[in-house]
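Here's the structure, in structure tokens; my notes come after.
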Amino acid sequence: MDIFDFAMEKEKLSADYYRQLSEKTENSGLQNIFGMLAGEEARHYDVVSKMKENTAVEVAQTSVLSDAKAVFSKMRESAERFDFDISQTELYKKARDIESQSRDFYLEKAAEVTEEHLKGLFLQLAEEEKKHYFLLENIIEFVSRPEQWLENAEFYHLEEY
């Protein structure tokens, strides 16, 4: 299996995992965020597929962090009570670890390839995975202490990352 096939498989599995997480949570805000992340991974799959075909492609800067911030803002304004099962936290930690592995994979491949355009694309993909990791860190904090987290201004810095 070449690096492109491997990367495409990782992106497909990540997208599927986010769809599963969306189905497992009852919180509509988190469902929305996991849906966004699944879409992000599907776009990464398409980018890697075009890289494999040697087709010109760009990694678009995403708005996932600012979009997630908007979701958290709506959650903060709602009167919804938040009650999360501890097992959910473990699922989110697994997703965070997957993002870390994906980031490391793309950084490693960027160091291995000699074509500058491929190196740049791998580095951009690594940066996107880093954003996902950061978002998942915030989700883990949120489900661990939802009311306190929403009252704290830390989530307002998501789009600044």
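FYI, it's all coordinate maths here, none of it is from the lab. Source: prediction; values computed, not measured. FYI the Cβ positions are ideal-geometry reconstructions off the backbone, even for glycines, and counts take in every protein chain you see.
Just a few scattered comments:
- Shape call, the range 10-82: gyration tensor on alpha carbons, a/c limit 1.5: oblate
- Structural descriptor for the chain: relative contact order 24 percent, calculated from alpha carbon pairs under 8 angstrom and at least 6 residues apart.
- Calculated from backbone phi, Karplus (6.51, -1.76, 1.60) coupling profile of the range 24-30 in Hz, x at Gly/Pro: 7, 9, 8, 7, 5, x, 5
- GluC sites (Glu not before Pro) within the range 1-66, DSSP loop, no more than 11 other Cβ atoms inside 10 Å: 26, 53, 58
- Order of 143, 48, 57 under a 10 Å beta carbon neighbour criterion, fewest first: 57, 143, 48
- Candidates 56, 95, 68: whichever shows maximal mean-square fluctuation once the chain is modelled as a Gaussian network with Cα springs under 10 Å: 56
- Max mean-square fluctuation residue, GNM over the chain, Cα-Cα springs under 10 Å, options 117, 44, 132: 117
- Derived scalar couplings ³J(HN,Hα) [the range 60-71; Karplus, 6.51 cos²θ - 1.76 cosθ + 1.60; whole Hz; x for Gly, Pro]: 6, 5, 9, 10, 4, 6, 5, 5, 5, 4, 4, 5
- Degrees separating the helix 116-144 axis from the principal Cα axis of the chain, which is the longest one: 20
- For residue 41, net neighbour charge (Lys/Arg +1, Asp/Glu -1) across residues whose Cβ lies under 11 Å away: -3
- Only helices enter the 222 nm calculation for the chain: every DSSP H run of n ≥ 4 contributes -39,500 (n - 2.57), and dividing by all residues gives -26500 deg cm²/dmol, rounded to 500.
- Averaging Cα coordinates gives a centre for the range 95-109 and one for the range 17-50; these two points are 16 Å apart.
- Taking other residues whose beta carbon is less than 10 angstrom from the beta carbon of residue 3, and scoring Lys, Arg as +1 and Asp, Glu as -1, yields -2.
- Exposure proxy order (Cβ contacts within 10 Å, fewest to most) of 34, 134: 134, 34
- Net charge of Cβ neighbours under 14 Å - reference residue 16; Lys, Arg +1; Asp, Glu -1: 0
- Lys, Arg +1 and Asp, Glu -1 on Cβ, resulting dipole of the chain about Cα centre, debye, nearest 20: 160
- With respect to the chain, whose longest principal axis is taken over its alpha-carbon atoms, helix 86-112 is tilted by about 20°.
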